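Every read-out reported here was derived from the displayed coordinates using simple, explicitly stated rules and does not represent laboratory data. Just so it is clear, the model here is predicted, and its values are computed rather than measured. Reconstructed Cβ throughout: ideal geometry from the backbone, glycine too, with neighbour counts over all protein chains shown.
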Amino acid sequence: MSGVERIAEAFAASGKRAALMPYLMGGFPDLATSRAIGEAYADAGADLVELGVPFSDPLADGPVIHAADTAALAAGTTIADVLELGQALAPRVAVVLMCYANPIYARGFDAFAQALSDHAISGLIVPDLPLEEAPALREACEQGGIALVPLVAVSSTRCRSSARRASAARSTRAWRTSCAARPLPPARCRSRSASGSRRPSTRRPRPTRGRPA
């Protein structure tokens with residue numbers, strides 16, 4: 001069963017208006033305790049579990065999850081640890097991983113999606129991934145049977161979503177073709193900062209002539 005099918009089954013079998021998916025920070029306060037919490041979720045009737053990967057700059061989360069992130073990282077929790085935790089919970093409840101984009105880009109879309117598949121993870125949420133950059137990751141997830149769960153504002157229109165998806169697909173194809181055709185140009189020095197003002201000079205001032213006062 002693919003991740004998409006398992007998530008759909010969890011919603012269909014919930015018997016409720018909406019499925020229950022509580023959040024779990026992997027490795028908080030430690031790995032053993034977070035596993036016990038996940039198992040308690042399943043015992044209490046959770047349909048799915050959103051499993052968070054601790055990250056140093058969780059910009060889409062509030063202070064409570066930020067504090068849990070910090071504690072989990074301080075305890076030495078790694079992505080590999082969280083994947084193993086998800087694999088341990090997967091036989092009892094569908095697991096949807098919540099991970100920020102930086103670790104995914106660092107490992108590569110295909111490798112990350114394959115790791116999720118190898119650990120029986122059903123879905124992936126990337127809160128800081130723009131909709132326009134999603135097609136390449138969605139393609140990798142689909143190949144691994146993983147459901148990429150997009151986050152879109154309720155105010156988004158169908159027109160905007162459709163146009164953005166088409167534009168993103170064209171941009172992704174053009175980007176891949178361009179990168180394959182030529183190497184990236186060398187970086188150039190910039191005389192102005194991002195704000196548009198000139199950067200202060202780092203040269204030492206010339207000594208003035210004449211006698212000291």
note = Note: ALA88 to ALA74 extended length (0.36 nm per residue) minus current alpha-carbon separation gives 2.8 nm
message = If I model a spin label at ALA19 and ALA32 as a point 7 Å from the Cα along the Cα→Cβ vector, what separation in nanometres do I get?
response = 3.2 nm
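If packing is taken as the average count of other Cβ atoms within 10 Å, what order do 47-53, 96-102, 35-41 fall into, highest mean first?
Details: 47-53: 23.1, 96-102: 21.4, 35-41: 16.7.
The most tightly packed comes first, giving 47-53, 96-102, 35-41.
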ask   = For q = 0.23, 0.28 Å⁻¹, what log10 I(q)/I(0) does region 68-133 give under the Debye formula with an equal point scatterer on each alpha carbon and no solvent?
value = -1.11, -1.34
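Multiplying the sequence separation of ASP43 and GLU133 by 0.36 nm and subtracting their Cα-Cα distance, what value in nm do you get?
Working: separation 90, 0.36 × 90 = 32.40 nm, distance 3.73 nm.
Result for the pair: 28.7 nm of gain on full extension.
On a full-extension model of 0.36 nm per residue, what is the gain between ASP118 and VAL4, subtracting their alpha-carbon distance, rounded to one decimal in nm? Working shown, then result.
Values: separation 114, 0.36 × 114 = 41.04 nm, distance 1.52 nm.
In short, 39.5 nm is gained.
Name the shape class, rounded, prolate or oblate, that the alpha-carbon gyration tensor gives for region 17-131, where a ≥ b ≥ c are the square roots of its eigenvalues, rounded holds for a/c under 1.5, and otherwise prolate holds if a/b is larger than b/c and oblate otherwise. Before the final figure, lay out the partial values.
Details: a/c = 1.36, a/b = 1.16, b/c = 1.17.
Rounded shape, in that the Cα axes give a/c under 1.5.
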task = Note down the nm distance, to one decimal, between modelled labels 7 Å out along Cα→Cβ at ALA111 and at VAL64.
result = 3.6 nm
